[in-house]
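The values are calculated or read from the model by the stated rules, or taken from the named source; none is laboratory data. From a predicted model like this one, the values you see are computed outputs, not experimental measurements. Neighbour counts run over all protein chains shown; Cβ positions are idealised from the backbone, glycine included. Surface accessibility is based on the protein's heavy atoms, side chains included, excluding ligands, DNA and RNA. Shrake-Rupley method; radii C 1.70, N 1.55, O 1.52, S 1.80 Å.
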Amino acid sequence: MSEKKGINTTELTLLIVGSTIGSGVFGITSDLATAAAPGPAILAWIIVGIGVLTLVLSLNNLSQKRPDLNSGIFSYAGAAFGPLGEFVSGWAYWLSAWLGNIAFATITMSALGTFFPKAFENGQNLVSIIVAIILTWVLTFLVNRGIESAAFINSIGTICKIIPLIVFVICVIIAFKAKMFTADFWGNVAQNVHGLKQTSLFDQVRSSIIVMMWLFVGVEGASVLSSRAQTRKDAEHASILGLASLLTIYVIVSILPYGVMTRSQLAAGGQPALGAIMQHLVGSWGAALISIGLIISVLVSWLSWTMLPAESLMLMADDQTLPTSWGKLNKKKAPTQALIITGVLQSIFLFTLLFTNYAYNFAYTLCTAAILICYLLVGIYQMEYSGQNHEWGQFVIGLITALFELMAMILSGWKQVMVVSIGFIPGFIFYLQACKEFKHVVTVKEKIAMILIVIFAIVSLVLIGNGTIAINN
């Protein structure tokens, strides 16, 4: 592919913002108010901001120091742990990406239900599933026509969906009351309304981190698509610009509403939460604007995340951790088979929406748990590479990244990580096929690692069976 046809810095930045800002930002005020008062929420933002920043800095450093590793976060895991490490990272990323699409499908159908309640109900009926499957294949067809053309559409859509957020911020700033914002700044006042109760500062920060992690899934998008950028520098610049944009948007949207409604009112706002706030501030037109923005936002993110899982399978096949057929490109330079495989699995999984009461939460928590595995492996390799080259400043950045991702896995999703491990069982079959095709001898360490993961998955199935891990609520 010629340099002129690659994705430039602006498109990559918008891709990161577009793929990361999805449904979460439109519902964060309710989820965050349920978790914490403004003071603990701000502390959580500082912690999450530092953790995500070190991740981006690690990705940029490794991109610059190891330009030979063209598969981004997957190849970093491979450099640290060998072919199996790359497979685990890539497979987890792929699981994360298409599980994120299930979350997008669920929230889109719920949003459509506000306009067509009889047809879509709560977004989890048979009509919703059929429409979601149709949308899945329409977006798959679009991406199959060419990654770069889809990225251009994403750029346009991202600009469109930010407009409702700008209107929301302006309205909140105008209505902001400092006394309301500081009335219960640290959550010291017990609030039994709408299920809120007094909790410790630690618990509030921990619960806030759980809410915030979902919002940053996709921030690594420039690294995944770096091979299609005009230059590697474009990918590095886009990642920093994208993160700065995201942090600014998220902090403003999630914190300022504490100054226009009480914490109890915010927690009870329903979804989309920003719509409830706009309804309170300016009336029904504001709520309608947010609902439209949510639909556009999710559809654009859904498009981006249709690109990312297919791209990850292609890169894994190129690095010989999946069979060659998974990475074959069509005339438009899109991985058709990878897109079809992902589309089929998404279509099948969508029917699980009939059996869980909180399909959106279930899907996005699994998505977040899977991506944390990839991020953790990036931090570990950043430490390994920097230590070998005596770059101790970069080593510290990698250490913070690894500790933060491990903390997030423990605090916000250990049960979800266990559920995700089940997805590796069929994955190992394809990995072994690739090993046979490329004549890679599976080492004793790799066999032990796969056995341990399979045991972990079996334990997860047992815990699901006895109700310890609930998937229907």
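Under 19 Å between alpha carbons, and skipping anything fewer than 8 positions from residue 415 in its own chain: which aspartates and glutamates qualify?
Excluding near neighbours in sequence, the set is 203, 405.
Rounded to the nearest whole Å², what accessible area per residue is found for the chain with the 1.4 Å probe?
40
Sort 362, 87 by accessible area with a 1.4 Å probe, largest first.
362, 87
Below 18 Å, Cα to Cα, which aspartates and glutamates can residue 445 reach? Residues fewer than 8 away in the same chain don't count.
Within the straight-line limit of under 18 Å, residue 445 reaches these aspartates and glutamates: 86.
Sequence neighbours fewer than 8 away in the same chain don't count; with that in mind, list the lysines whose C-alpha is under 22 Å from residue 118.
Filter leaves no residues.
Ratio to report: Rg/Rh of the chain, with Cα atoms as the point set and Rh obtained by the Kirkwood method; give two decimals.
0.96
Using only the alpha carbons of region 35-76, what is the convex hull's orientation-averaged projected area in square nanometres? Walk me through the numbers on the way to the answer.
Working: hull surface 14.2 nm².
Mean orientational projected area (region 35-76, Cα hull): 3.6 nm².
What list of ³J(HN,Hα) values in whole Hz, one per residue of region 47-61 in order, does the Karplus curve 6.51 cos²θ - 1.76 cosθ + 1.60 (θ = phi - 60°) give from phi, with Gly and Pro shown as x?
Each residue of region 47-61 in turn: 5, 5, x, 5, x, 6, 4, 5, 4, 5, 5, 5, 4, 5, 5 Hz.
Classify region 360-473 as rounded, prolate or oblate from the Cα gyration tensor: take a ≥ b ≥ c as the square roots of its eigenvalues, call it rounded if a/c is under 1.5, otherwise prolate when a/b beats b/c and oblate if not. Numbers along the way, then the final one.
Details: a/c = 2.51, a/b = 1.19, b/c = 2.10.
Verdict is oblate for region 360-473.
Read phi for every residue in region 322-339 and hand back ³J(HN,Hα) as whole Hz from Karplus 6.51 cos²θ - 1.76 cosθ + 1.60, θ = phi - 60°, with x for Gly and Pro.
Those phi angles translate into 9, x, 3, 4, 5, x, 5, 9, 8, 5, 8, 6, 10, x, 4, 4, 4, 5 Hz.
Calculate how steeply helix 9-20 sits against the longest principal axis of the alpha-carbon atoms of the chain, using the helix alpha-carbon long axis, and give the answer as 0 to 90 degrees to the nearest 10.
Roughly 60 degrees, rounded to the nearest 10.
Given the DSSP H assignment, sum -39500 (n - 2.57) over each helix run of at least 4 residues in the chain and divide by its residue total; what's the result at 222 nm in deg cm²/dmol, nearest 500?
-25000 deg cm²/dmol
Under the rule of at least 5 residues apart or a separate chain, name every residue whose amide H is placed under 5 Å from the amide H of residue 7.
For residue 7, whose amide H was placed from the backbone, the distant partners under 5 Å are 229, 230.
With all protein chains present, how much of the accessible area of the chain (probe radius 1.4 Å) comes from carbon and sulfur, to the nearest whole percent?
Roughly 70 percent, rounded to a whole number.
Work through the residues other than residue 398 whose Cβ is under 14 Å from its Cβ and net out their charges, Lys, Arg +1 and Asp, Glu -1. Intermediate results must be reported in sequence, preceding the final value.
Working: positive: 65, 66; negative: 384, 391, 405.
So the surrounding residues net to -1.
Using a Förster distance of 30 Å, how high is the FRET efficiency between residue 66 and residue 331, based on the Cβ-Cβ distance and rounded to 0.05?
Efficiency, rounded to the nearest 0.05: 0.45.
Relative contact order (percent) for region 9-466, with alpha-carbon contacts under 8 angstrom and 6 or more residues of separation? List each step's numbers first, then the result.
Working: 729 pairs, mean separation 142.6, N = 458.
So the answer I get is 31 percent.
Among 84, 143, 257, flag the residue with its Cα farthest along the positive direction of the charge dipole of the chain, charges on Cβ as +1 for Lys/Arg and -1 for Asp/Glu.
143
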